[in-house]
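For reference, the structure discussed in these notes is given below.
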Amino acid sequence: MRPNTRNSTLVIALHLVWLLAAPVLGAEKGSVDGVLEKYVKVIGGKEAWSKVGSRSIQAEFEGPGGATSGWSLRAKAPNKRLTRMESSPWGVLLDGFDGTTAWSKNPNGVRTKAGEELSRAEKEADLRREVRLKELYPDLVFKGTETLDGEEVQVLESKPTPSSKERFSFSAKTGFLVRQQSEFKDAEGHDTRVEIRYSEYRAVDGLQYPHVQRFKISLAGQALEFVMKVKEVKHNEKFEDSIFSKPSA
């Protein structure tokens, strides 16, 4: 039996979550370099991040209605990534990037990503993305300050493609990334908006990761909310390249 339209939309939303769900930007206050330098410093520093050759994350994913599922990520330098979720009634859902090819798999089959969707996957798969935001988004500009939950945040913005936009909000007090807002068209051409709130930063081997991520997704006329709670982060495990390859079916 094929999923109904709502279920298909939710599966697409879940894949967007997996793509985005991962940890993500002082010189001078009010500048791109100033904001990014402070962020890199508070999350552990570029040198410490450069020593990470792989990462695995185990998390609990809570979707609409309170249903929970296990979620995992495996990633390897420089840019290989695989996420997995076992979710009823959709079964095993996978999303991967092998360094060249981006793909996703759900009960309807395997799909290869192309165009802007591939470009997004390439950026998100960078293992050291947190300390390479300026390289990945070279057009970043400082957009001023805003108030978020009563706290001042400094906002950087990028327009990677004509139809997409990324906004990164950093706490003026702590330097941590506290919000990412993404606008783009999904694989079916729907205007999509995703907001992620990052909180509860904790150190793992000297690197700071947000252990709670809250998602709000507007997709195909639906508004969906999800929460991911990180249970465990490990570094420098050995992963065979083959696990990131696109499945044949």
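The values are calculated or read from the model by the stated rules, or taken from the named source; none is laboratory data. All figures in this text were calculated on a predicted structure; none of them were measured in a lab. Every residue, glycine as well, gets a Cβ built from its backbone with ideal geometry; the counts of neighbours run over all protein chains shown. Surface accessibility is based on the protein's heavy atoms, side chains included, excluding ligands, DNA and RNA. Shrake-Rupley method; radii C 1.70, N 1.55, O 1.52, S 1.80 Å.
Scanning region 101-132 for residues that are of a type in the set (Val, Ile, Thr) and within 15 Å of LYS76 (Cα to Cα) turns up just one, THR101. Restricted to region 172-184, and to residues there that are in contact with an Asp or Glu (Cβ under 6 Å, 6 or more places away or on another chain) and not in a loop (DSSP other than H, G, I, E, B), the residue that is surrounded by the fewest Cβ atoms within 10 Å (Cβ to Cβ) is GLN181.
Given the criteria touching a Pro at 6+ places or on another chain (Cβ under 7 Å), open to solvent by 40 Å² or more (accessible area, probe 1.4 Å) and assigned to a strand (DSSP E or B), does TYR201 qualify? Yes: the conditions hold for TYR201.
Exactly one condition in (1) within 22 Å of ARG55 (Cβ to Cβ); (2) more than 13 Å from the chain's Cα centre (by Cα); (3) among the charged types (D, E, K, R); (4) open to solvent by less than 60 Å² (accessible area, probe 1.4 Å) is false for ASP95; which is it? For ASP95, the failing item is (2). For region 207-244, taking the residues that are closer than 20 Å to PHE176 by Cα and touching a Lys or Arg at 6+ places or on another chain (Cβ under 6 Å), the one that is most open to solvent (accessible area, probe 1.4 Å) is identified as ARG214.
How about region 47-66: which of its residues are modelled with pLDDT of 95 or more and open to solvent by less than 20 Å² (accessible area, probe 1.4 Å)? Hits for region 47-66 are TRP49, VAL52, SER54, ARG55, SER56, ILE57, ALA59.
Considering SER119, SER163, the condition of being over 22 Å from THR83 (Cβ atoms) and either touching a Lys or Arg at 6+ places or on another chain (Cβ under 7 Å) or open to solvent by less than 40 Å² (accessible area, probe 1.4 Å) (or both) is satisfied by SER163 alone.
Can you find a residue in region 149-169 that is within 30 Å of PRO247 (Cβ to Cβ), of a type outside the set (Val, Ile, Thr) and assigned to a strand (DSSP E or B)? Yes - at least one qualifying residue is present in region 149-169. Just to be sure, is GLY44 at pLDDT 75 or above and part of a loop (DSSP other than H, G, I, E, B)? Considered against the rule, which asks whether it is at pLDDT 75 or above and part of a loop (DSSP other than H, G, I, E, B), GLY44 comes out as yes.
Taken over region 78-92, the criterion of being out of contact with any Lys or Arg (no Cβ under 7 Å at 6 or more places or on another chain) and under 30 Å from GLU135 (Cβ atoms) is satisfied by PRO78, ASN79, LYS80, ARG81, THR83, ARG84, MET85. Summed over region 67-82, residues that are part of a loop (DSSP other than H, G, I, E, B) and at pLDDT 95 or above total 3.
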